[in-house]
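Below you will find the structure I want to go over with you.
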Amino acid sequence: MAETVTIARPYAEAVFQLAREEGALAKWSDRLESLALVARNVEVAAVIDDPNVRQEQLVELFGAACGKTDDSLTSLLKLLAKNDRLTCLPEIAGLFETYKRAEEGTRDGEIISAFPMTDAQVRDVTPELEKHFKCKLILSVKVDETLIGGVVVTVGDQTLDASVRGKLAAMAAALKTQENSMQLNPSAIRE
């Protein structure tokens, strides 16, 4: 996997630069996602690996997945086919999306909730979370009943713990600290 990402990176960077110059980040994002879906298909993977299938046929197959093609898309597909890199399209699409979100100031975040959340609930909390994390967020939700109540939100390496379990752990730590300070300073204990 790491090797595939390393191989995909220069292609993703080149497509991102082109898309930015064209002012077409959303268009290329959609295109790459369509191409990635095709590349993930088991039957298509077999066709890609078939030595009897010509590069031109692969370019046509992938081009058809995007519907309307232009010179830049055709050039990308030809380059990937020539270098046997069509199977890297999912990684190229993923990296492109990462670059696009960074350009737009958008980050992925995960809400871990004690209970399932509706789309409306996620939309309601998103503005507050965007203020807290100081960026636009694309949020996913995961349920963890051990939280007891509340949520834990993770964005990159930042975590906001507003769960009951987290608050109980913080109270336990505070009590432990207070207990330790009383043991060190007996005069702090009053009769």
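Among the residues of the range 92-109, count how many are exposed (fewer than 15 other Cβ atoms within 10 Å of the Cβ) and assigned to a helix (DSSP H, G or I).
Step one: list which residues in the range 92-109 are exposed (fewer than 15 other Cβ atoms within 10 Å of the Cβ), which gives 98, 102-105, 108.
Okay, now just the ones that are also assigned to a helix (DSSP H, G or I), so 98, 102-104.
The number of residues fulfilling the criteria is 4.
Can you name the number of the only condition in (1) open to solvent by 20 Å² or more (accessible area, probe 1.4 Å); (2) within 28 Å of Arg107 (Cβ to Cβ) that Ala24 fails?
(1)
I've got another one for you. Check the range 166-182 and report whether any residue there is of a type in the set (Val, Ile, Thr), over 24 Å from Glu33 (Cβ atoms), assigned to a helix (DSSP H, G or I) and within 25 Å of the chain's Cα centre (by Cα).
Residues of the range 166-182 of a type in the set (Val, Ile, Thr): 177.
Filter again for over 24 Å from Glu33 (Cβ atoms), leaving 177.
Checking which are assigned to a helix (DSSP H, G or I) leaves us with 177.
Checking the rest, the ones that are also within 25 Å of the chain's Cα centre (by Cα) come to none.
No, every residue in the range 166-182 fails to be of a type in the set (Val, Ile, Thr), over 24 Å from Glu33 (Cβ atoms), assigned to a helix (DSSP H, G or I) and within 25 Å of the chain's Cα centre (by Cα).
Mind checking which residues of the range 10-45 are among the small types (Gly, Ala, Ser) and in contact with a Cys (Cβ under 7 Å, 6 or more places away or on another chain)? Walk me through how you get there before you give the answer.
Looking only at the range 10-45, we keep the residues that are among the small types (Gly, Ala, Ser), and these are 12, 14, 19, 23-24, 26, 29, 34, 36, 39, 45.
Passing the criteria: only Ser34.
Going through the range 123-165 one residue at a time, which ones are in a strand (DSSP E or B), open to solvent by 60 Å² or more (accessible area, probe 1.4 Å) and at positive phi?
Residues satisfying the conditions do not exist here.
Collect the residues in the range 1-55 that are in a helix (DSSP H, G or I), more than 16 Å from Gly94 (Cβ to Cβ) and acidic (Asp, Glu), keeping them in residue-number order.
Answer for the range 1-55, where residues must be in a helix (DSSP H, G or I), more than 16 Å from Gly94 (Cβ to Cβ) and acidic (Asp, Glu): Glu21, Glu22, Glu43, Asp49.
Going residue by residue through the range 110-122, is there one that turns out to be under 30 Å from Tyr11 (Cβ atoms) and surrounded by fewer than 18 Cβ atoms within 10 Å (Cβ to Cβ)? Lay out the reasoning, then the answer.
Kept after step one, since they are under 30 Å from Tyr11 (Cβ atoms), are these residues of the range 110-122: 110.
If we keep only those that are surrounded by fewer than 18 Cβ atoms within 10 Å (Cβ to Cβ) too, we end up with 110.
Yes, the range 110-122 contains a residue that is under 30 Å from Tyr11 (Cβ atoms) and surrounded by fewer than 18 Cβ atoms within 10 Å (Cβ to Cβ).
Quickly run through the range 121-151 and pick out the residues that are hydrophobic (A, V, I, L, M, F, W, C) and over 25 Å from Ala26 (Cβ atoms). Let's see the steps before the verdict.
Let us first name the residues in the range 121-151 that are hydrophobic (A, V, I, L, M, F, W, C), namely 122, 125, 129, 133, 135, 137-139, 141, 143, 147-148, 151.
Of everything in the range 121-151, those that are hydrophobic (A, V, I, L, M, F, W, C) and over 25 Å from Ala26 (Cβ atoms) turn out to be Val125, Val143, Leu147, Ile148, Val151.
Next question. Filter the range 62-86 for residues that are among the small types (Gly, Ala, Ser) and part of a helix (DSSP H, G or I); which is surrounded by the most Cβ atoms within 10 Å (Cβ to Cβ)? Step through it out loud before you land on a result.
Pass one, the range 62-86, residues among the small types (Gly, Ala, Ser): 63-65, 67, 72, 75, 81.
Then drop every residue that is not part of a helix (DSSP H, G or I), which leaves 63-65, 72, 75, 81.
On the way: Gly63: 18, Ala64: 10, Ala65: 19, Ser72: 15, Ser75: 12, Ala81: 21.
So, considering only residues that are among the small types (Gly, Ala, Ser) and part of a helix (DSSP H, G or I), the one surrounded by the most Cβ atoms within 10 Å (Cβ to Cβ) is Ala81.
Quick one: is Leu89 open to solvent by 40 Å² or more (accessible area, probe 1.4 Å) and either assigned to a helix (DSSP H, G or I) or of a type in the set (A, V, I, L, M, F, W, C) (or both)?
Details: open to solvent by 40 Å² or more (accessible area, probe 1.4 Å): no; either assigned to a helix (DSSP H, G or I) or of a type in the set (A, V, I, L, M, F, W, C) (or both): yes.
No.
The values are calculated or read from the model by the stated rules, or taken from the named source; none is laboratory data. What you are looking at is a predicted structure, and each value in this text was computed from that prediction instead of being measured. Because the Cβ atoms are built from the backbone with ideal geometry, glycine has one as well, and the counts that use them run over all protein chains shown. For accessibility, only protein heavy atoms count, side chains too; no ligands or nucleic acids. Shrake-Rupley method; radii C 1.70, N 1.55, O 1.52, S 1.80 Å.
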